[in-house]
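Data block below; observations after.
The values are calculated or read from the model by the stated rules, or taken from the named source; none is laboratory data. If you're wondering where the values come from, they're calculated on a predicted model, not measured in any experiment. Don't worry about glycine lacking a Cβ; one is built from the backbone with ideal geometry, like all the others, and counts go over all protein chains shown.
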Amino acid sequence: MDLQAILRVASEQLEGRSSHDFKERGNKFHHGQRVAKLAVHLRELLFPNDGARDDVLTAAAWLHDVCNGEKDHGELGAELTRKLIAAYCTEGELDELCELIRVHDERKPESGYSDAIKLLQDADMLDHFGTNFIWVWFAYAVPLGQNAYDAREWQRGNAERAERHRNQLNFDLSRRIFDDKQAFVAQFAERFSAELDGEIWDEKTILNETFGGAL
């Protein structure tokens, strides 16, 4: 498999595009890069002696959202990918890679999908949470005419949405990573809310460190 050639294809298809008006140019290209790295790292942690499909997993991650924004974007993405990279991998690699793309958004933990599909699905999901969630949270607010207080109210409904996504993850490790990401976002949201209300975050600690407990 010629990964460098496939990376060039991914860059040509995605780096100059934005998947939504409120998102940055190239967001799906960079998302794919992160998903590829995370998917392979999850594989190393969960299946340390099974790296034979890492190249297929990587290339699929780079191109999994090539048709994002279209209905049935997994199916369409698989069809387009087959045309775009057929010259850069074997027929067997191409078949497996396109199948990864085709079902990457069909999140059914009971489905019996291969470990490679489950790794791609979990890495894809995890990349949307944590610090990247905060980035999108604020990028989303301003173009829609929201101020900071509106954004705070939107975030307060996030817990229920997040739980639905958590239930779609395939591996216990993925759920632990997800929970850690959510804990960070929750703490950030709590501080964001306090400072919006003109409060001093962790005031007691700051006063103790400043005045030596004199106050």
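In the set Lys181, Lys204, which member is within 15 Å of the chain's Cα centre (by Cα) and either basic (Lys, Arg) or closer than 30 Å to Ala39 by Cβ (or both)?
Values: Lys204 fails: within 15 Å of the chain's Cα centre (by Cα).
The match here is Lys181.
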Matching residues in segment 16-46 (more than 16 Å from the chain's Cα centre (by Cα), part of a loop (DSSP other than H, G, I, E, B) and surrounded by 14 or more Cβ atoms within 10 Å (Cβ to Cβ)) number 2
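Please determine whether any residue of segment 48-55 is aliphatic (A, V, I, L, M), in the same structural domain as Gly92 (by TED's automatic domain parsing) and either in contact with a strand residue (DSSP E or B) (Cβ under 6 Å, 6 or more places away or on another chain) or in a helix (DSSP H, G or I) (or both). If you could, list the steps in order and put the result at the bottom.
Going through segment 48-55, the residues aliphatic (A, V, I, L, M) turn out to be 52.
Now restrict to residues that are in the same structural domain as Gly92 (by TED's automatic domain parsing): 52.
Retained after the next criterion (residues that are either in contact with a strand residue (DSSP E or B) (Cβ under 6 Å, 6 or more places away or on another chain) or in a helix (DSSP H, G or I) (or both)): none.
Scanning segment 48-55 turns up no residue that is aliphatic (A, V, I, L, M), in the same structural domain as Gly92 (by TED's automatic domain parsing) and either in contact with a strand residue (DSSP E or B) (Cβ under 6 Å, 6 or more places away or on another chain) or in a helix (DSSP H, G or I) (or both).
Considering only residues that are part of a helix (DSSP H, G or I), under 20 Å from His128 (Cβ atoms) and in contact with a helix residue (DSSP H, G or I) (Cβ under 8 Å, 6 or more places away or on another chain), which ones fall in segment 56-84?
Pass one, segment 56-84, residues part of a helix (DSSP H, G or I): 56-63, 73-84.
Next, only the ones that are under 20 Å from His128 (Cβ atoms) stay: 57-58, 60-63, 73-74, 77.
The answer is Leu57, Thr58, Ala60, Ala61, Trp62, Leu63, Gly74, Gly77.
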Suppose the filter is basic (Lys, Arg), in contact (Cβ under 8 Å) with a residue 24 or more places away in the chain, in contact with a Lys or Arg (Cβ under 9 Å, 6 or more places away or on another chain) and not assigned by TED's automatic domain parsing to the domain that holds Val142; does Arg25 pass it?
no
Residues of segment 70-97 being in contact (Cβ under 8 Å) with a residue 40 or more places away in the chain and not aliphatic (A, V, I, L, M), in sequence order, are Tyr88, Cys89, Thr90, Glu93, Glu96
Residue hits (segment 169-215; aliphatic (A, V, I, L, M) and in a helix (DSSP H, G or I)) are Leu173, Ile177, Ala183, Val185, Ala186, Ala189, Ala194, Leu196, Ile206, Leu207
